[in-house]
Amino acid sequence: MRYPEGGGLTAAARARREQLRFEAADLFAQGVAAPEVARRFRVSRMSANRWYRAWQAGGIESLASKGPGGEKCRLDEARLKRLKAQLERGPAAHGYTEDQRWTLARVADLTAALFRIRYTPRGASYLLHRLGWTPQMPVHHAAERDEEVIEQWTIEQWPAIKGRRSTWAPGCAGKMRPDRT
């Protein structure tokens, strides 16, 4: 998917698909059956049958592209640029000082405050994808974490705790023990 452009096909790819449907309509007009059209154009029979039914019902005009799918973005280009600039300022600039993460609820609140347009958290996710942002999983560490102490413990104490194997025989990873006869 091409999230910054809204996902789906590009305008050029939509035009190629439309041209393919128009060529299929020419074959339908010549009496070629839908399964043969599917074989020639290397598409599914279901697609060829759908094209045939649309061509029968409305002619070649019914096979024209209807444009990109999905709902139109409620923010124009200028507003999208403004939103991106505000997001890049960071959450602290907008009063979220407890942690430095943009959550979907926070982005939805920001769009409501800036543009008086409400988004659901899922809608805010689509909006972020349109802007080219991807979800990130933050790495959490305890504030008191001391890497040197942890390293020293794993070198000095962990081997003593772990100890040696209690048997000389090779182990078995399976649930059933091998027969020891």
Restricting attention to region 46-63, which residues are surrounded by fewer than 14 Cβ atoms within 10 Å (Cβ to Cβ) and either within 34 Å of the chain's Cα centre (by Cα) or of a type in the set (A, V, I, L, M, F, W, C) (or both)? M46, R53, A57, E61
Report those helices (runs of 4 or more DSSP H) wholly inside region 1-106 carrying at least 1 residues which are in contact (Cβ under 8 Å) with a residue 24 or more places away in the chain and not charged (D, E, K, R). 11-29, 45-58, 77-89
R122, sole failed condition from (1) within 30 Å of the chain's Cα centre (by Cα); (2) at pLDDT 85 or above; (3) more than 22 Å from G70 (Cα to Cα): (3)
Condition (residue is among the acidic types (D, E) and surrounded by 14 or more Cβ atoms within 10 Å (Cβ to Cβ)) applied to region 104-116: is it met by at least one residue? yes
Return only the number of the condition from (1) out of contact with any Leu (no Cβ under 7 Å at 6 or more places or on another chain); (2) open to solvent by 50 Å² or more (accessible area, probe 1.4 Å); (3) under 23 Å from L9 (Cα atoms) that C73 does not satisfy. (2)
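The values are calculated or read from the model by the stated rules, or taken from the named source; none is laboratory data. Bear in mind the structure is a predicted one, so any value in this text is a computation, not a measurement. As a convention, Cβ positions derive from the backbone with ideal geometry for all residues, glycine included, and neighbour counts pool all protein chains shown. Side chains included, ligands, DNA and RNA excluded: accessible areas come from the protein's heavy atoms. Shrake-Rupley method; radii C 1.70, N 1.55, O 1.52, S 1.80 Å.
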